[in-house]
Amino acid sequence: MATFESLKWLTRFLEETPGDSEVGGKSRQVPNACWSRVKPSPPPSPELRMWSDEMGLKLGLERPDGRVLGGEMVTAGMDPYSQRYGGHQFGSWANQLGDGRAITLGELQLEDEVVELQLKGAGHTPYSRFADGKAVLRSSLREFLCSEAMQHLGVPTTRALSLVTTGEQVVRDVLYNGNPAPEDGAVVCRVAPSFLRFGSYQIHTANGDHETLQALVSHTLRHHFPNHSAEDDGSRVRWLSHIAEQTAVMISHWMRVGFVHGVMNTDNMSIHGLTIDYGPYGWLEDYNPGWTPNTTDAGRSRYCYGQQPQIGAWNVARLLEAMVPLMDDPELLHDVLEAYTVKFAQLHNTMWANKLGFRNWIEDDEALVRDLNALLQRVETDMTIFFRLLSSIETPSIELLEDAFYDPLTIPKDAWGEWLLRWWERTGQSPNRQTMLENNPKYVLRNWMAQLAIDAAEEGDFSVAEELHTLLKDPYSEQPQFEAMWFQKRPEWARHRVGCSMLSCSS
Ligand code: AMP
Ligand code: MG
């Protein structure tokens with residue numbers, strides 16, 4: 001097993017893209033740069049609390065103590081920096097944002113890939129603006145558990161390696177209503193091929209810095225898209241279409257498992273089509289496409305579940321605008337948007353076919369899916385339980401699905417009876433159960449589940465977090481030992497509890 005020093009560290013990003021000449025974490029504007037060198041702030045008493053064995057194995061690391069992964073120590077080979085990027089937040093251009101509380105330790109050469117190791121919550125950077133660069137246990141645990149859950153659900157995501165508590169108190173006003181309170185600080189170490197976002201490119205075009213844009217694009221293609229090039233408009237369109245399609249793949253998975261990202265700003269859109277920046281995300285409990293977990297977005301619900309595919313297209317359009325300076329004929333970029341739309345439509349049909357156990361997709365299925373969507377919204381119905389039970393019922397009878405409904409007395413039984421019969425006939429009275437069980441998870445990280453893990457962790461007890469970590473590594477299996485506790489509709493106490501029904505960006 002390796003130590004941090006003995007790993008093979010690279011500095012490709014720092015060598016190949018323009019950076020900040022100033023070093024250190026003082027808030028500032030950093031024109032014409034992709035990064036700033038900054039060291040993590042040492043925490044008072046770092047303690048490793050959560051560890052991904054799987055990720056550790058991949059890196060060749062055994063469970064360490066909390067010193068390096070909490071930001072106390074930088075070892076030989078690391079050259080820490082924060083990335084500069086911009087972004088559209090809730091539809092408006094925000095210009096420089098950047099890693100306000102993320103510090104990359106370095107890039108790691110593994111056997112057949114290179115990954116970036118990044119600490120989230122390890123202190124002030126030039127991009128922290130008025131904030132502290134720290135993260136609290138609550139949000140760090142949510143990121144750790146959710147990225148593990150997503151990975152095992154088969155949803156493209158950045159990974160988590162570890163969670164370290166810092167021993168420091170961090171003050172947060174959870175609901176932005178003038179009630180700041182101290183919370184435990186924590187640092188998550190996360191891992192991805194890179195943390196490049198749509199906003200990483202946008203910032204340079206927005207400021208007319210085509211040279212830096214070009215350098216960043218060359219770096220990106222060389223290392224992350226070696227099968228693509230930018231030598232002519234045709235190859236640029238093919239490269240960007242690939243990114244657009246990967247984005248569509250990611251979002252179609254979100255729709256399949258009922259995940260709502262909550263803050264689909266362009267600075268939170270990975271160039272690799274990975275789910276990134278877990279904040280006020282949530283999972284549909286009752287099937288309500290208009291639902292968003294993010295209180296900051298409650299008024300407009302721009303990022304609600306049902307809007308995610310359209311927002312994906314909007315965000316791809318912003319990436320394309322950023323690439324206009326590379327193009328001889330920018331009009332050709334419309335093809336990329338078309339590629340997104342076509343790909344998403346295909347994936348969407350396949351997704352429904354898989355969820356409903358069809359062996360193919362036919363035109364007429366659209367009506368069946370539309371009617372199902374309407375029915376699921378008639379009375380409060382749990383998405384996950386509904387599809388999971390549907391995956392194994394032996395006869396098309398609504399009684400067998402009763403557990404998915406919050407109030408069995410209000411179930412529109414006639415309408416359901418009719419729909420179930422249509423579905424049953426469509427499947428030739430033999431739905432493809434294997435496919436259904438592989439596409440309709442039994443266990444997802446419902447907000448109240450994460451909250452129970454947080455409540456215990458804040459008392460120093462990580463056993464609930466560990467149990468969820470174990471449970472969510474196998475979300476399509478029955479795991480009967482966990483059923484009574486975790487295969488459940490949202491309990492009544494969670495309906496209006498902060499952290500369960502409402503989340504803010506404060507983390
Ligand atoms: P988000 O949309 O939550 O990913 O964050 C938007 C911007 O705010 C990013 O530039 C973050 O780095 C920054 N940010 C969020 N929280 C903090 C914090 N506690 N300290 C410094 N910057 C932060
Ligand atoms: Mg972000």
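The values are calculated or read from the model by the stated rules, or taken from the named source; none is laboratory data. This structure is a prediction, so every number in the text was calculated from the model and none was measured. Neighbour counts are summed over all protein chains in view; Cβ atoms, including those assigned to glycine, are modelled from backbone coordinates with ideal geometry. Side chains are part of the model used for accessible areas, which takes the heavy atoms of the whole protein and leaves out ligands, DNA and RNA. Shrake-Rupley method; radii C 1.70, N 1.55, O 1.52, S 1.80 Å.
In the stretch 78-120, which residues have a backbone nitrogen under 15 Å from the label point lying 7 Å from residue 32's Cα in the Cα-to-Cβ direction?
none
Compute, for residue 225, the solvent-accessible surface of its heavy atoms (probe 1.4 Å) with the complete set of protein chains present, and express it in square angstrom to the nearest 10.
10 Å²
At a Förster radius of 41 Å, what calculated FRET efficiency corresponds to the Cβ-Cβ distance of residue 53 and residue 362, to the nearest 0.05?
After rounding, the FRET efficiency stands at 0.40.
For the stretch 199-353, compute Rh as the Kirkwood radius over C-alpha pairs and then the Stokes-Einstein diffusion coefficient at 20 °C and 1.002 mPa s; write the answer in µm²/s, rounded to an integer.
Estimated via Stokes-Einstein, D reaches 132 µm²/s.
Magnitude of the Cβ-charge dipole of the chain, K/R +1 and D/E -1, about the Cα centre, nearest 20 debye?
Magnitude of the dipole: close to 640 debye.
I want the local charge near residue 358. Using Cβ-Cβ distances under 10 Å, sum +1 for each Lys or Arg and -1 for each Asp or Glu among the other residues.
With Lys, Arg at +1 and Asp, Glu at -1, the neighbours total +2.
Using a basic spin-label model with each label point 7 Å from the Cα along Cα→Cβ, how many nm lie between residue 171 and residue 400?
Distance between label points: 5.8 nm.
Using helices alone, what [θ] at 222 nm do you get for the chain, with -39,500 (n - 2.57) per DSSP H run of 4 or more residues, divided over all residues and rounded to the nearest 500?
-11500 deg cm²/dmol
So if each residue of separation counts as 0.36 nm, and I subtract the Cα-Cα distance between residue 497 and residue 65, what length gain in nm does that give?
Length gained, residue 497 through residue 65: 152.1 nm.
Can you give the FRET efficiency to the nearest 0.05 for residue 76 and residue 350, using r as the Cβ-Cβ distance and R₀ = 35 Å?
0.15
Between residue 109 and residue 393, what is the label-to-label distance in nm when each label sits 7 Å out along the Cα-to-Cβ direction?
Each label point is offset 7 Å from its Cα along the Cβ direction, giving 5.7 nm.
Starting with the highest mean, order 191-200, 47-56, 485-494 by the number of other Cβ atoms within 10 Å, averaged over the residues of each peptide.
Final packing ranking: 191-200, 47-56, 485-494.
So what's the net charge close to residue 169: Lys and Arg +1, Asp and Glu -1, counting the other residues with Cβ under 9 Å from its Cβ?
Working: positive: none; negative: 168, 183, 184.
Its environment carries a net charge of -3.
Let me make sure I get this right: for the stretch 358-430, a, b and c are the square roots of the gyration tensor eigenvalues over alpha carbons, sorted descending. Under 1.5 in a/c it's rounded, otherwise prolate if a/b > b/c, else oblate. Which is it?
On the way: a/c = 1.81, a/b = 1.48, b/c = 1.23.
Taking the square roots of the gyration eigenvalues as a ≥ b ≥ c, the stretch 358-430 is prolate.
Separation of the stretch 164-227 and the stretch 408-452 by C-alpha centroid, Å?
Value for the Cα centre distance between the two parts: 37 Å.
By per-residue mean of other Cβ atoms within 10 Å, what is the highest-first order of 132-143, 147-158, 340-351?
In descending order of packing, they fall as 132-143, 147-158, 340-351.
Using Cα positions and a limit of under 21 Å, work out the lysines in reach of residue 58, with same-chain residues fewer than 8 apart set aside.
In chain and number order, the partners are 8, 120, 473.
Note the full-extension length gain between residue 132 and residue 329 as 0.36 nm times their separation in residues minus their Cα-Cα distance, in nm to one decimal. Numbers along the way, then the final one.
Values: separation 197, 0.36 × 197 = 70.92 nm, distance 4.35 nm.
Extending this stretch completely gives an extra 66.6 nm.
Grab the Cα-Cα distance for residue 10 and residue 478, subtract it from 0.36 nm times how many residues apart they are, and report the gain in nm with one decimal.
Gain in length upon complete extension: 164.3 nm.
Would you mind classifying the stretch 60-177 by shape? Square roots of the alpha carbon gyration tensor eigenvalues, ordered a ≥ b ≥ c; an a/c under 1.5 is rounded, otherwise it is prolate if a/b is larger than b/c and oblate if not.
It comes out rounded by the Cα gyration axes.
If the reach is capped at under 20 angstrom between alpha carbons, list the lysines near residue 355, excluding any in the same chain fewer than eight residues apart.
343, 442, 489
If packing is taken as the average count of other Cβ atoms within 10 Å, what order do 4-10, 285-291 fall into, highest mean first?
285-291, 4-10
Ignoring everything but the protein chains, give the 1.4 Å probe accessible area of residue 35 in square angstrom, nearest 10.
About 20 Å², rounded to the nearest 10.
Need the C-alpha centroid separation for the stretch 238-266 versus the stretch 129-160, integer Å.
Computed from Cα coordinates, the inter-centre distance equals 17 Å.
Less than 11 Å Cβ to Cβ from residue 19, Lys/Arg counted +1 and Asp/Glu -1: what total charge do the surrounding residues give?
With Lys, Arg at +1 and Asp, Glu at -1, the net is -3.
Inverting the mean 1/r over all pairs of different Cα atoms, compute the Kirkwood radius of the chain and quote it in Å.
For the chain, inverting the mean 1/r across all distinct Cα pairs yields 23.7 Å.
Of all accessible surface on the chain at a 1.4 Å probe, what whole percent is carbon and sulfur? Walk me through the numbers on the way to the answer.
Working: 9660 of 19550 Å².
Carbon and sulfur together cover 49 percent of it.
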